[in-house]
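Below: one structure, written as structure tokens.
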Amino acid sequence: MASIFLRTVLIYFFLSVALKLMGKRQIGELEVGELVSTLLISEIAAIPIDDPDLPLLNAVIPILFILSAEILLSAIKNHSAKLKHLIEGDPVYIIYKGKIRQQVLEDNRISINELLSELRVLGIADISEVYYAILEQSGKLSVTLRADCQPITKQALTEEREPGIAHLIVVDREVNETNLRALGYDRVWLNRVLAQHGVRLPEVYLLTVDDLGSTSLVKKEEKNA
């Protein structure tokens with residue numbers, strides 16, 4: 001009994017340190033790869049606790065391998081937008097300018113009842129109040145309400161058009177072709193915007209455009225030699 005208790009305590013502290021090194025968030029915010037790694041680590045950690053005859057290294061070594069692989073993959077994804085897109089996908093519009101995108105719901109295996117439930121959790125009882133609903137990579141729903149359903153501000157009193165959100169056009173030098181086409185823009189427009197900002201595509205860290213056509217650009221920082 002004492003051996004099992006000691007093993008449990010050691011595994012607990014080892015996992016606490018390992019997960020802290022992974023820098024992860026709450027379970028509901030984990031990406032698919034992160035969730036798989038967490039589940040694998042928890043299963044492997046239980047093996048030496050269930051079988052006291054097995055050495056602790058039988059769990060420590062595989063956990064260290066998974067931890068190293070997760071940290072390495074995260075670093076690679078941060079330097080490769082294409083790989084990040086391949087593994088995690090992109091945020092998708094469930095509701096776009098007040099219109100429910102039914103095909104997107106089907107593609108993501110989300111029923112209308114599930115969508116309504118998620119909106120109620122966010123305090124939205126009427127789906128017609130939603131102007132944008134975006135399904136993030138983490139599976140969470142981000143919502144922007146129509147102008148007439150938002151809290152009244154001085155700006156809202158003078159604003160005649162619907163509020164826009166910042167649509168991602170370029171992220172870390174990679175062009176989001178899906179958003180570019182969905183918003184009715186093309187590479188010619190993009191090149192013109194870059195010229196207006198006096199930059200080339202390899203110099204762009206972030207470029208967004210709202211529904212009013214206003215762009216915001218952040219240049220990529222140069223690494224110190």
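Laboratory data are not the source of any read-out in this text; all were calculated from the coordinates shown. Small disclaimer: the values here were computed from a predicted structure and weren't measured. Glycine gets a Cβ as well: all are built from the backbone with ideal geometry, and neighbour counts include every protein chain shown.
The ellipsoid that matches the Cα gyration tensor of region 166-225 has semi-axes, each √(5λ) in whole angstrom, of 20, 11, 10, with the longest given first.
Within the shell of other residues whose beta carbon sits under 15 angstrom from the beta carbon of I110, the net charge comes to -1, with Lys and Arg scored +1 and Asp and Glu -1.
Rounded to 0.05, the FRET efficiency of the R146 and K219 pair, given R0 = 35 Å and the Cβ-Cβ distance, is 0.55. Between the alpha-carbon centres of region 172-197 and region 89-137 there is a gap of 25 Å. Note on Y96/L39: beta-carbon distance plugged into 1/(1 + (r/R0)^6) with R0 of 35 Å gives a FRET efficiency of 0.55.
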